[in-house]
Structure formats: structure tokens, C-alpha cells
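The block underneath contains the structure these notes are about, expressed in C-alpha cells.
The values are calculated or read from the model by the stated rules, or taken from the named source; none is laboratory data. Bear in mind that the values here come from a model prediction, so they are computed numbers and not experimental data. Quick reminder, even Gly has a Cβ in these numbers, built from the backbone with ideal geometry, and neighbours come from all protein chains shown.
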Protein chains: 2
Amino acid sequence: MEKGILFVVSAPAGCGKGTILGQILKDEKYYYSVSATTRKPRPSEQDGVNYRFLDKAEFEKLIAEDAFLEHAQYCDNYYGTLKAPIEENLAKGKHVILEIEVQGAMQIRQLCPDAKFIFIAPPSFETLRQRLEHRGTETPEVIEKRVNAAKKELEMKINYDYCIINDILDDAVADFKSVVRAEELKISRKA
Amino acid sequence: MEKGILFVVSAPAGCGKGTILGQILKDEKYYYSVSATTRKPRPSEQDGVNYRFLDKAEFEKLIAEDAFLEHAQYCDNYYGTLKAPIEENLAKGKHVILEIEVQGAMQIRQLCPDAKFIFIAPPSFETLRQRLEHRGTETPEVIEKRVNAAKKELEMKINYDYCIINDILDDAVADFKSVVRAEELKISRKA
């Protein structure tokens with residue numbers, strides 16, 4: 001049984017990362033790495049699907065046991081990526097998709113030299129702004145903040161292996177699949 | 001204008017490399033690197049299509065001018081890969097396909113660190129033997145020699161970046177396209 005490949009995926013908000021991954025994850029050869037958190041589940045959220053919901057004591061016990069690949073604290077809550085489900089699924093031959101922001105991705109770069117890093121980018125900042133405006137859920141100030149955050153994150157893309165521009169969804173999904181297939185065909189993977 | 005990528009392709013005889021490349025080269029984004037030679041053209045061969053046919057004096061003048069990426073002598077004839085058409089087409093943004101045997105490929109590895117190396121392999125030696133027998137053009141002794149040569153060449157594949165197994169032609173062509181697309185999406189290409 002050939003081991004799977006760990007794909008670490010980052011994208012600024014509004015780049016359509018969720019939609020692309022939704023298409024990709026239809027294929028059972030992938031396992032989506034679910035983050036653990038101590039924040040309370042929202043009504044629509046399910047344990048093990050959106051997050052693994054843990055209480056603070058459980059989370060801290062797992063930190064002490066070195067069970068996390070990376071973890072961080074935001075707004076008094078812990079967030080982290082558990083090692084065990086990733087390792088188990090890679091061993092089963094599944095490709096693991098790990099969705100994480102750029103700082104977290106760079107931590108994983110150090111720890112998992114075999115992982116492949118994919119950055120999903122908007123075709124332009126103008127398109128990104130339009131997409132965020134189109135959602136209609138954010139104020140102009142928040143949109144401005146998000147576009148500026150995206151500009152900063154985009155500078156980080158040089159630390160990734162691949163950049164997929166999400167202009168037309170089907171093309172972006174096909175590009176993602178090409179990256180996965182090419183990585184499957186790499187000789188260094190088998191050596 | 002983004003530069004093209006040089007793809008160096010090797011395969012043992014009978015792996016269907018020609019058929020795969022025939023499909024790939026239908027797309028005008030590729031330029032097929034034609035070898036130069038001093039051997040006489042066969043009746044079916046055209047200058048600039050199968051080979052660039054040069055006389056010995058011309059070839060040696062080009063050697064002296066360092067015009068070749070690599071060259072070698074077999075059976076009193078010169079064979080070589082001219083630098084200029086490759087560089088011109090890469091600069092025009094075309095991907096260059098360079099078909100060459102394993103020793104030549106390893107020379108190019110040293111000279112072109114940005115080139116990507118693709119090895120095309122048969123699904124098994126048994127399949128390779130059947131394909132060669134099916135051609136009906138070779139004696140059993142020649143087939144045995146070719147299969148043994150393929151075994152040796154296959155050991156060289158660890159020096160390549162990608163290995164595409166030609167079991168089903170359409171899949172092998174799709175794999176080749178995935179490799180090219182993934183290489184187009186690489187961030188190191190743009191950095």
C-alpha cells in the first residue's frame with residue numbers, strides 16, 4: 001500500500017477555497033483533516049465534521065502528550081491539528097487535505113517536509129472585492145480589511161509549491177486534480 | 001511572456017512513447033525538439049521533421065561553435081540536440097519536448113537544472129514483450145535483447161522527476177498533461 005500525500009491548502013477569504021475543496025472531496029481518495037477546537041459549536045456545526053470539539057482540559061492534555069502537529073490560541077480558544085488522524089489516513093493510502101492559514105502552513109512546512117503546499121489565489125484584488133461585496137454579509141470597512149489582508153497573504157505564496165488561480169471554478173478544480181496527479185507520478189515519492 | 005518549460009522524455013523501445021507524444025504535440029503550446037544528424041535520410045524522412053540532416057563538416061562546425069546541448073557519435077554518424085531552437089521556443093513561451101535516451105537525458109540534467117524529466121514505462125516486462133512480439137518486425141533474439149535493455153533503462157528512472165506508466169493510452173496522455181499543468185502552476189517557476 002502506497003502512502004498518501006499531505007496537501008496543505010491556504011487561501012485568502014473570498015477565493016472560493018471551500019467550493020474547490022467541496023468538489024475535490026467528493027472523491028473518496030481524500031481525507032479532510034478536521035481541526036480541533038475548544039470554542040463552542042455553533043447550532044449548525046457538527047462534532048467531527050466542522051471541528052472536533054474538545055473542552056479545555058482535554059485539549060491541554062493532548063498538547064502535553066504532543067498530539068498536535070500545530071496549535072494556536074485565538075480569542076481565548078484553542079485551535080489545533082491532531083497528528084493521529086493525518087498519519088492514520090496517509091498510512092491507509094489516502095491523500096490528506098489540510099486547510100490552514102498561512103502562518104500555520106509555514107509551521108507545518110518545517111514539520112512535514114513531504115507535504116505539498118497549495119495556495120489558492122483570486123484572479124485579481126478587484127475580483128476578490130467584488131466577490132466579497134456580492135456576498136452582502138460584510139460592511140465596506142470589513143471588505144476593505146479583508147482585501148488588504150489578502151494582499152498580505154498573497155505575498156506569502158512564494159513559500160508554497162503551487163498557486164492555483166480561482167477564476168473559473170471548473171478550471172481551478174481541474175488544476176487541483178492535475179497537481180495531485182503529478183505528485184502521485186513523482187518518482188521521489190516511490191524512492 | 002512567461003517562459004516555456006523544457007520536458008525531457010525517455011522510454012524503452014515499445015513503451016508507446018511515440019503514440020503518447022503524438023497526442024500531446026497536437027497542442028500548439030508544445031514545440032518538439034528535432035535532433036540533428038549526419039546520417040543519410042531514409043526515403044520517408046523529411047529534413048526538419050524527423051531530423052535536421054547536416055553533413056559532417058556542418059555538424060563539426062556547430063560542435064566547434066558550442067551550438068549543441070549534447071551530441072554523440074553512433075556507427076560513424078553524429079547525433080545531437082541544437083541549443084538555439086530550444087531556447088528560442090522557450091523564450092516564445094512554448095514548452096519544448098525533447099525525446100532522448102537515458103544517457104543523453106542525464107547529460108541534459110546537468111546542463112538544464114530547470115528541465116523536467118519524464119520517464120515512460122511499460123506496465124510490466126511481460127506487456128512490453130507482448131507489444132514487441134505483436135509488432136512482428138523483430139526476431140525473438142532481438143525482442144529478448146530489447147526487453148533486457150528495457151530492464152536496464154528502467155533502473156535509470158530514479159534519475160527522473162516523473163514516471164508515467166503506459167497501460168491505457170488515454171490515461172497516459174492525461175497523466176502527461178497533468179504533469180505539464182502542475183509544472184505550469186509551480187510557484188518556483190514564477191519566482
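The residue that is farthest from B:L62 (Cα to Cα), among those in segment B:39-51 that are surrounded by fewer than 18 Cβ atoms within 10 Å (Cβ to Cβ) and in contact with a strand residue (DSSP E or B) (Cβ under 6 Å, 6 or more places away or on another chain), is B:P41.
Considering segment B:107-131 alone, what residues qualify as being among the hydrophobic types (A, V, I, L, M, F, W, C) and closer than 24 Å to B:L25 by Cβ? Listed by number, the residues that qualify are B:I108, B:L111, B:C112, B:A115, B:F117, B:I118, B:F119, B:I120, B:A121, B:L128. State yes or no: is B:V102 among the β-branched types (V, I, T) and over 23 Å from B:R146 (Cα atoms)? It is false that B:V102 is among the β-branched types (V, I, T) and over 23 Å from B:R146 (Cα atoms). Regarding A:V179, is this residue under 29 Å from A:K29 (Cα atoms) and at the interface with chain B (Cβ under 8 Å from one of its Cβ atoms)? Yes, satisfied.
Only residues that are in contact (Cβ under 8 Å) with a residue 40 or more places away in the chain, surrounded by 14 or more Cβ atoms within 10 Å (Cβ to Cβ) and not hydroxyl-bearing (S, T, Y) were counted across segment A:160-186, and they come to 13. For first residues located in segment A:117-136 and outside any helix (DSSP H, G or I), partners that are among the polar types (S, T, N, Q) and lie 6+ apart or on another chain with Cβ distances below 6 Å form the pairs A:F119/A:S10; A:I120/A:N166. The criterion of at least 1 residues that are of a type in the set (S, T, N, Q) and under 24 Å from B:N159 (Cβ atoms) is met by the following strands (runs of 3 or more DSSP E) wholly inside segment B:1-106: B:6-10, B:68-74, B:77-82. Restricting B:E101, B:E87 to residues that are surrounded by 13 or more Cβ atoms within 10 Å (Cβ to Cβ), at pLDDT below 90 and out of contact with any Leu (no Cβ under 8 Å at 6 or more places or on another chain) narrows the list to B:E101. Within the option set B:K157, B:K145, B:K151, being modelled with pLDDT under 95 and crowded, with 20+ Cβ neighbours inside 10 Å holds for one residue only, B:K157. Summed over segment A:152-175, the residues that are touching a helix residue (DSSP H, G or I) at 6+ places or on another chain (Cβ under 8 Å), of a type in the set (D, E, K, R) and either more than 8 Å from every other protein chain (Cβ to nearest Cβ) or assigned to a helix (DSSP H, G or I) (or both) give a count of 4. Please indicate, with yes or no, whether at least one residue in segment A:118-131 is in contact with a helix residue (DSSP H, G or I) (Cβ under 6 Å, 6 or more places away or on another chain), among the charged types (D, E, K, R) and away from chain B (no Cβ under 14 Å). Yes. With respect to being surrounded by fewer than 18 Cβ atoms within 10 Å (Cβ to Cβ), touching a residue at least 60 places away in the same chain (Cβ under 8 Å) and part of a loop (DSSP other than H, G, I, E, B), A:D114 fits the description.
Inclusion of A:R42 among residues that are without any contact (Cβ under 8 Å) to a residue 60 or more places away in the chain, out of contact with any Leu (no Cβ under 6 Å at 6 or more places or on another chain), closer than 19 Å to A:I86 by Cβ and charged (D, E, K, R) is not warranted.
Is it fair to say A:A36 is over 13 Å from the mean Cα position of the chain (by Cα), surrounded by fewer than 19 Cβ atoms within 10 Å (Cβ to Cβ), of a type outside the set (K, R) and at negative phi? Answer is no for this residue.
Among the residues making up segment B:1-34, a single one is closer than 16 Å to B:I100 by Cβ and charged (D, E, K, R): B:K17.
Would you mind stating whether A:A149 is in a helix (DSSP H, G or I), hydrophobic (A, V, I, L, M, F, W, C), out of contact with any helix residue (DSSP H, G or I) (no Cβ under 7 Å at 6 or more places or on another chain) and within 13 Å of chain B (Cβ to nearest Cβ)? So A:A149 fails the test.
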